[in-house]
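What follows is a single structure, written as structure tokens, with notes after it.
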Amino acid sequence: MAFSSVFFHSPLLLKIEKRQKFPFPAVRSNGAETELCNQSSQRSRVKLTRDWSFMRGSRVAMKPKILRLAPFPKAPRVYASWLSGSELASTAFTLGTAAVLPFYTLMVLAPNSELTKKSMESSVPYIGLGVLYAYLLHLSWTSETVGLIFASKYLLPELTSIGKMFSSEMTLASAWIHLLVIDLYAARHVFLDGLENEIETRHSVSLCLFFCPIGVLTHVITKATTKSSRENKHGL
């Protein structure tokens, strides 16, 4: 009877020691809550509850409480361009200008060189500059571009609308590449025509770099005066 009294009035029949060994890799006890840990970093908690009655005595129920590991949210993808719009326009402007200068230098300083002749007969510079121009045109094209080009009621461009369109640096860079291609092509025509007709073209080619219409005009004048002087010499 005394044993029963001690049995029923015992505050806790099952006592978990902190250093008690379990078949798990590691056990840590804290009061009525025991945390089981393993080396693979997977954790689960076992909650001990005491259910006491006169008929069944003291009973310990183990209710596992599994910790769910929530997956980390995926970081949003960040797309960043190497250059901003202004920097890209400035870089394209500089590269385009530097690309045509060697050809003008050859036509002016060494017009009779074989390297100059082969370089001017090649289509590589026009293909490269054409691709660059198409890329800049794609970047500068907006939903308002068509409306600015055909602004008048007769579907013709107006000066104010064109000025507004060229307020963008990207549009200015594409227009500059466009001018470089046209000027180089005109200078090439002047140069090859001068070789064929044995006419001096260095001054006309130099003007074609920045003043293309004037360069073409000076070539026409030079060609006409050279032909006239040759005819006068043959007449004498």
Nearest-10 value in Å² for the accessible area of residue 135, using the 1.4 Å probe: 110 Å²
Tell me, what HN-Hα J-couplings in whole Hz come from the Karplus equation 6.51 cos²θ - 1.76 cosθ + 1.60 at θ = phi - 60° for each residue of region 195-205, using x for Gly and Pro? 5, 5, 9, 6, 10, 5, 10, 5, 5, 5, 5
Loop only per DSSP, at most 10 neighbouring Cβ atoms within 10 Å: give me the GluC sites (Glu not before Pro) in region 142-221, ordered by residue number. 198
How would you classify region 117-236 from its alpha-carbon gyration tensor, with a ≥ b ≥ c the square roots of the eigenvalues: rounded for a/c under 1.5, else prolate if a/b is greater than b/c, otherwise oblate? prolate
Taking K and R as +1 and D and E as -1, what net charge do the other residues with C-beta under 13 Å from the C-beta of residue 106 add up to? +2
With θ taken as phi - 60° and the coefficients 6.51, -1.76 and 1.60, list the Karplus ³J(HN,Hα) couplings across region 174-188 in order, rounded to whole Hz; mark glycine and proline as x. 5, 5, 5, 4, 4, 5, 4, 5, 5, 5, 5, 5, 5, 5, 4
Applying the Karplus parametrisation 6.51 cos²θ - 1.76 cosθ + 1.60 with θ = phi - 60° to the phi angles of region 158-166, what ³J(HN,Hα) value in whole Hz is obtained for each residue in order, glycine and proline being reported as x? 10, 4, 5, 5, 5, x, 5, 5, 7
Inter-part distance where region 202-220 and region 111-138 are each reduced to a Cα centre, Å: 18 Å
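The values are calculated or read from the model by the stated rules, or taken from the named source; none is laboratory data. Since we're looking at a predicted model, the values are computed, not measured. Note: ideal-geometry Cβ built from the backbone for every residue, glycine included; neighbour counts use all protein chains shown. To get the accessible areas, we keep the full protein, side chains included, count just its heavy atoms, and leave off ligands, DNA and RNA. Shrake-Rupley method; radii C 1.70, N 1.55, O 1.52, S 1.80 Å.
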